[in-house]
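Let me begin by presenting the structure, written as structure tokens, before commenting on it.
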Amino acid sequence: MSKTRWGKTVQSKDEQYELKRMAILRTAGRLFNQKGFRATSLNDLASELEVTKPTLYYYIENKEDILFQCLLTAITHLLEQTDTVMKSPKLGIDKLTDFIHLFVSTFDDEFGRCLAHPGWEPLSPKYLAKIDPLYQQLDIAMRQMIEDGKDDDSMRACNPKITAFTIFGAINWMTRWYQVDGEMNTHEIAEEMAALFCSGLQNQKA
């Protein structure tokens, strides 16, 4: 049986490639949030990473591809966690509370913050066709939680579409004012948001 050269102390080429690719994405995500997508150039990114611009093209296609990969990484992880919430035996109102905490906590991460700002708007139809269905899955999941809450009487009668739009809008807007080193962390903000929305949606007659 052949042994891996250097044992496991040295990363493989694939591992090194993935680490460098993720370093590019994380740095880009931070710059997109700080400066905006359009104001951030590949030259800015290369300078921040202390590499040449041609080096970047070994790992990514273009700036738009970077944003797409940032969004894909964040939303895939969020959907996986959302699926766990959906499968919970909890009441609909409690699932929605957990989801609000889950969504708000994504803004602790550079990729997560990209979901709301800059979001998918800068993407061309080529990339939108790939990412839009995943955003739709999140919307469908929240609406289902609201429907579950109505069915189990933990929520009052409401329009799931308008309710979901309102909650998503409030959470996404958070990236416009949230400061990582601010007076409240994401957990505390999620507590306030969940109390605000879920108290208003709770079925008082139940």
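Each value in this text was obtained by applying a stated rule to the coordinates, not by laboratory testing. Treat the numbers as computed from the prediction; the structure is a model and nothing was measured. All Cβ positions, glycine included, derive from the backbone under ideal geometry; neighbour counts span all protein chains shown.
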Per the 1/(1 + (r/R0)^6) rule, R0 = 25 Å and r from the Cβ atoms of residue 165 and residue 65, FRET efficiency to 0.05 is 0.30
Hey, could you grab the Kirkwood Rh for region 119-160? Inverse mean 1/r over distinct alpha carbon pairs, Å, one decimal.
-> 11.9 Å
Mind checking which lysines have their Cα closer than 26 Å to the Cα of residue 13? Skip sequence neighbours fewer than 8 apart in that chain.
-> 3, 53, 63
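Using only DSSP helix segments of four residues or longer, with each worth -39500 (n - 2.57), what per-residue ellipticity at 222 nm results for the chain after dividing by its residue count and rounding to 500? Can you show the working numbers first?
Working: 9 runs with 141 residues, N = 206.
Value at 222 nm, helices only, nearest 500: -22500 deg cm²/dmol.
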Over the chain, calculate the relative contact order: mean separation of alpha carbon pairs under 8 Å at least 6 apart, over the residue count, as a percent.
-> 24 percent
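When a/c is below 1.5 the answer is rounded, else prolate if a/b is larger than b/c, else oblate, so apply that to region 98-139 with a ≥ b ≥ c taken from the square roots of the Cα gyration tensor eigenvalues.
Working: a/c = 3.38, a/b = 1.59, b/c = 2.13.
Oblate, since a/c reaches 1.5 and b/c is not below a/b.
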Lysine pairs in region 64-201 with Cα atoms under 28 Å, if 8 or more residues apart or on separate chains = 12
Sorted by chain and then number, the residues having a modelled amide H within less than 5 Å of the amide H of residue 155, at least 5 places away or on another chain, are 150, 203
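More than 26 Å apart: what percent of Cα pairs in the chain qualify?
Details: 9249 of 21115 pairs.
Taking all Cα-Cα pairs of the chain, the fraction more than 26 Å apart is 44 percent.
Take peptides 112-121, 134-143 and line them up by average Cβ neighbours within 10 Å, highest first, as a rough protection proxy.
Values: 112-121: 20.6, 134-143: 16.1.
Sorting 112-121, 134-143 by mean packing, highest first, produces 112-121, 134-143.
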Ordered by packing density, taken as the mean number of other Cβ atoms within 10 Å over each peptide's residues, highest first, how do 199-205, 148-154 rank?
-> 148-154, 199-205
